[in-house]
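Chemist: First, the structure itself, so that you have it in front of you.
The values are calculated or read from the model by the stated rules, or taken from the named source; none is laboratory data. Keep in mind that this is a model prediction, so the values were computed, not measured. When we count neighbours, we look across all protein chains shown, and the Cβ atoms used for this are built from the backbone with ideal geometry, even at glycine. Heads up: the accessible areas ignore ligands, DNA and RNA and are worked out on the full protein's heavy atoms, side chains in. Shrake-Rupley method; radii C 1.70, N 1.55, O 1.52, S 1.80 Å.
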Amino acid sequence: MKTPQVQPIFRKIHGGLKRILSWMCASDIHLMVTSVAFCILSLCLHWESSIFPLGGPHDSLRYIGMAETILKGEWLGEYSHMTLIRSPVYSSILAVNSLIGWRLHVFQQCIFLVSILLLTAALRSLHVERWKILIICFLCVFHPLTIYCTNFVVSEAVYVSFATAVMAGCFGILGTYKGSFIRYSFWVVILSVASALFWHIRPESVWILPFFAICFGYLLRFAKTTSGAIWFRVSAAVFAPLFAVLFFGHQLAALNEKHYGIRVTHELAEPNFISAFNWLTRVAPSSIRPHVPVSRDAVEAAYTVSEHFALLEPYLSQQKDGHGWTRFGCEWMGICHELAGGWAVWAIRDAAASIGVYTDAARASQFYGSVAREIRHACEEGKVKCTQNPTGNFLAPPMGLADIPRILMSSLKVLFMTVTLGDFALDPQELDRSNPIISERYEVITHDQKGQWPEYYGETAEIHADIYRIIQLAGGAIFLMMLTVVLFVRSKAHHLGSLFHFRQLVVCTSVFILSRMAILSYVDAMSYHIQVRYLIVLYPALMVLLGLALPSANDIIRIWRRRHGGA
């Protein structure tokens, strides 16, 4: 039997929690103090982790190698076919971390937490309720993908931070364009720096352009209703980030030109390289199939019309039946007789390296230019059958109407992965921590190697993921319910939810998420099966939507009164 003292105890606990929550939301200063406290707690819980050493020579270990040469003052090292394949931005960050002496996973997590604090401040500038911002901040800083995926040397570990800072910069500009000039200038600087880093750290950042367009579209719409002086601010918001992106790219290209004689930020942006693959993907249209950028029939046909490409035949002829670069497509996608996805790029580049094309960057560019020119002329003169579809690229074949159903299926797959988080935890047994050479190289750059992994890592990560799966499923249901209210109760929507009050913010955030999901759906359907780490970028935006969808107490009271005939 319960004692009479139990109820007063619960009342005291309830009162204490209410006072704490009231203090957290009492002012913007209290909001930021609480947000910083959340960040510190997240960092503390993650403190005992470490970086997993991965030995992939074309991915993680390549970033390590680039950081090593940067620290030696040799930029990206002696030229070979591996020198310019990756953007130097992430490796430069690794080099900075090595000089500072921080543990890399702490450094990367700190960058992410700073971006969340910026997002918190930006949302407040748009007058989002403080309690909702606290929920958004809490969900972001403790999200499992943004924690566990900082345990690796992959550019996604900071890509999500720069993307979040870009989003915060745009929101901050929308929230302060009529306010203090100093605050507005702060957000313009944040957006400019974040945009430059974001754009140049990975090659696929074009997906964010729709988000920029919708944000600046709203800014222009708002500016029309204000005085003429506001157009100076609008111009600064547009041209400052553009200048930062171009200037940063110019500097990276200038460094590469100085050391290697070719003015590009990385080889995947080299015009002749891009042109060669664009034309290769158009050859032999009857053999085009999803996930195979350049089919074997296209390769054979290209040999007959391009004397330069024919030089690659001895090497490429060995890439079949699950051997060489076909092994990965065979193991992961069941495509054993063709060069699937991005592995076609590596195979053709390795083939070019095998005949001495990569003795210098200019010669490599000339080689790909010759391949592109020869195949283009053959297509135009009818010497070889080619498709007119220009959508092919070095990661995917041209896209046709028959591909639309599969892209839609991939969209559902990406949506499901987004909500359920997929299988993001790596098995430590698959890692390269037992290799002393790799571990030693990692330690110099990351200062973050341990002999043993935490015993609780796998179990804790799965429990953590399960909690967020429930949150995202429940939050998604609430968001859809509130969106339905806004769409179908139009005349009374201003009584029924924050999605109406913050419709511009909801639209911008939704475009951010949908743009990322769209490009991933295309890649999954046309190039290679995506991994959940490619989704990390959109989770802060998703948490914003879930937080905005929560109805306030006033909304609930209004709905209750309307349904029961109250005043």
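Chemist: Rounded if a/c is under 1.5, else prolate if a/b beats b/c, else oblate: with a ≥ b ≥ c from the C-alpha gyration tensor eigenvalues square-rooted, which is the range 173-291? Don't skip to the end; give the middle numbers.
Modeler: Numbers: a/c = 3.60, a/b = 1.82, b/c = 1.98.
Because a/c hits 1.5 or more and a/b fails to exceed b/c, the range 173-291 counts as oblate.
Chemist: Suppose the chain between ILE478 and THR420 were pulled fully straight at 0.36 nm per residue; how much longer would it get relative to their current alpha carbon spacing? Spell out each step's value before the answer.
Modeler: On the way: separation 58, 0.36 × 58 = 20.88 nm, distance 1.63 nm.
My answer for the length gained is 19.2 nm.
Chemist: Could you work out how far helix 156-176 tilts from the main Cα principal axis of the chain, as a 0 to 90 degree angle to the nearest 10?
Modeler: Once rounded, one gets 50 degrees.
Chemist: Using a 1.4 angstrom probe and counting only protein chains, how large is the accessible area of GLU443 in Å², to 10?
Modeler: Taking all protein chains as shown, GLU443 has close to 70 Å².
Chemist: Now for a separate question. Once label points are set 7 Å from the Cα along Cα→Cβ at both ARG503 and PHE222, what is their separation, rounded to one decimal in nm?
Modeler: It is 1.6 nm.
Chemist: Using a Förster radius of 30 Å, what is the FRET efficiency between ILE463 and VAL114 based on their Cβ-Cβ separation? Nearest 0.05, please. Write out the running numbers ahead of the final one.
Modeler: Details: r = 27 Å, r/R0 = 0.91.
Efficiency for this residue pair is about 0.65.
Chemist: Still on this model: Normalised by the residues of the chain, what does the relative contact order come to in percent, with Cα pairs under 8 Å and at least six apart? Don't jump to the answer; show the numbers that get you there.
Modeler: Details: 789 pairs, mean separation 104.0, N = 567.
Value for the chain: 18 percent.
Chemist: Would you mind calculating the relative contact order of the range 159-211 from Cα pairs under 8 angstrom and at least 6 residues apart, reporting the percent as a whole number?
Modeler: Values: 36 pairs, mean separation 22.9, N = 53.
Relative contact order of the range 159-211: 43 percent.
Chemist: Same structure, new question: Pairing the Cα long axis of helix 503-526 with the longest principal axis of the chain, what angle in degrees results, from 0 to 90 and rounded to the nearest 10?
Modeler: 30
Chemist: Let me ask something else about it. Cα gyration tensor of the range 323-384, axes a ≥ b ≥ c as square roots of the eigenvalues: rounded (a/c below 1.5), prolate (a/b > b/c) or oblate? Show your work: numbers first, answer last.
Modeler: Values: a/c = 3.37, a/b = 1.38, b/c = 2.44.
Oblate, because a/c is 1.5 or more while a/b does not exceed b/c.
Chemist: Can you tell me the convex hull volume per residue for the range 351-394, based on C-alpha atoms, in Å³ to the nearest whole number? Working shown, then result.
Modeler: Numbers: hull volume 4.0 nm³, N = 44.
Cα convex hull per residue, to the nearest whole number: 91 Å³.
Chemist: What FRET efficiency, computed as 1/(1 + (r/R0)^6) with R0 = 35 Å and r the Cβ-Cβ distance, is obtained for SER286 and ASP59, rounded to the nearest 0.05?
Modeler: Details: r = 34 Å, r/R0 = 0.98.
Calculated value: 0.55.
Chemist: Would you calculate the separation in nanometres between label points at SER235 and TRP75, each defined as 7 Å from the Cα along the Cα-to-beta-carbon direction?
Modeler: That separation, rounded to one decimal, is 3.6 nm.
Chemist: Stretched out fully, how many nm does the piece from THR391 to TYR303 gain, at 0.36 nm a residue minus the Cα gap? Working shown, then result.
Modeler: Details: separation 88, 0.36 × 88 = 31.68 nm, distance 2.23 nm.
Once the chain is fully extended between THR391 and TYR303, it gains 29.4 nm.
Chemist: What dipole magnitude, in Debye to the nearest 20, does the chain give about its Cα centre under +1 on Lys/Arg Cβ and -1 on Asp/Glu Cβ?
Modeler: Numbers: 46 positive and 38 negative charges, 683 e Å.
The calculated dipole for the chain is roughly 3280 debye.
Chemist: Sticking with this one: Between the range 220-283 and the range 345-394, what is the C-alpha centre distance in whole Å?
Modeler: The range 220-283 and the range 345-394 have Cα centres separated by 25 Å.
Chemist: Using a cut-off of 11 Å between beta-carbons, work out the net charge of the residues near GLU68 (Lys and Arg +1, Asp and Glu -1, GLU68 not included). Intermediate values should be presented prior to the final figure.
Modeler: On the way: positive: ARG62, LYS72, ARG441; negative: GLU74.
Summing Lys and Arg as +1 and Asp and Glu as -1 gives +2.
Chemist: Work out the FRET efficiency for GLN318 and THR359 from their Cβ-Cβ distance, taking R0 = 25 Å, and round it to the nearest 0.05.
Modeler: Numbers: r = 22 Å, r/R0 = 0.89.
According to the calculation, E is roughly 0.65.
Chemist: Using +1 at the Cβ of each Lys and Arg and -1 at the Cβ of each Asp and Glu in the chain, identify which of VAL128, SER306, ILE64 lies farthest towards the dipole's positive end.
Modeler: VAL128
Chemist: List nothing, just return the count: lysine pairs in the chain, 8 or more apart or interchain, with Cα separation under 20 Å. The partial results should precede the final answer.
Modeler: Working: LYS2/LYS12; LYS18/LYS132; LYS72/LYS258; LYS178/LYS224.
The number of close lysine pairs in the chain is 4.
Chemist: Before anything else, pin down the relative contact order of the range 184-311: Cα pairs under 8 Å, at least 6 apart, normalised by residue count, whole percent. If you can, show how the numbers build up before the last one.
Modeler: On the way: 84 pairs, mean separation 25.8, N = 128.
That works out to 20 percent.
Chemist: For a protection proxy built on the mean count of beta-carbon atoms within 10 angstrom, sort 257-264, 364-371 highest first, please.
Modeler: On the way: 257-264: 15.9, 364-371: 20.9.
Ranked from most to least packed, the peptides come out as 364-371, 257-264.
Chemist: How big, on average over all directions, is the shadow cast by the Cα convex hull of the range 14-143, in nm²?
Modeler: Details: hull surface 42.0 nm².
Averaged projected area of the range 14-143's Cα convex hull equals 10.5 nm².
Chemist: Give the carbon-plus-sulfur fraction of the accessible surface of the chain in %, rounded to a whole number; probe 1.4 Å, heavy atoms of protein chains only.
Modeler: 65
Chemist: Now, a different point. For the range 29-62 and the range 308-341, what is the separation of their Cα centres, given in Å?
Modeler: 38
Chemist: Extending each Cα 7 Å along its Cβ direction at ARG263 and VAL33, get the distance between those two points in nm, one decimal.
Modeler: 5.4
Chemist: Hey, what angle do you get for helix 457-488 against the long axis of the chain, alpha-carbon based, 0 to 90 degrees rounded to 10?
Modeler: Tilt of helix 457-488: around 70 degrees.
Chemist: Further, regarding this structure: If packing is taken as the mean number of other Cβ atoms within 10 Å per residue, what is the order of 530-536, 138-144, highest first? Before the final figure, lay out each step's value.
Modeler: Details: 530-536: 19.7, 138-144: 22.9.
Ranked by mean Cβ neighbours within 10 Å, highest first: 138-144, 530-536.
Chemist: Give the accessible surface of the chain per residue, rounded to a whole number of Å², with probe radius 1.4 Å and ligands, DNA and RNA excluded. Spell out each step's value before the answer.
Modeler: Numbers: 26320 Å² over 567 residues.
Counting only protein heavy atoms, the per-residue value for the chain is 46 Å².
Chemist: For Kirkwood radius over Cα pairs in Å, one of (i) 26.1; (ii) 28.4; (iii) 27.7 was computed from the structure I shared and the rest are decoys. Which label?
Modeler: After the calculation, the listed value that fits is (i).
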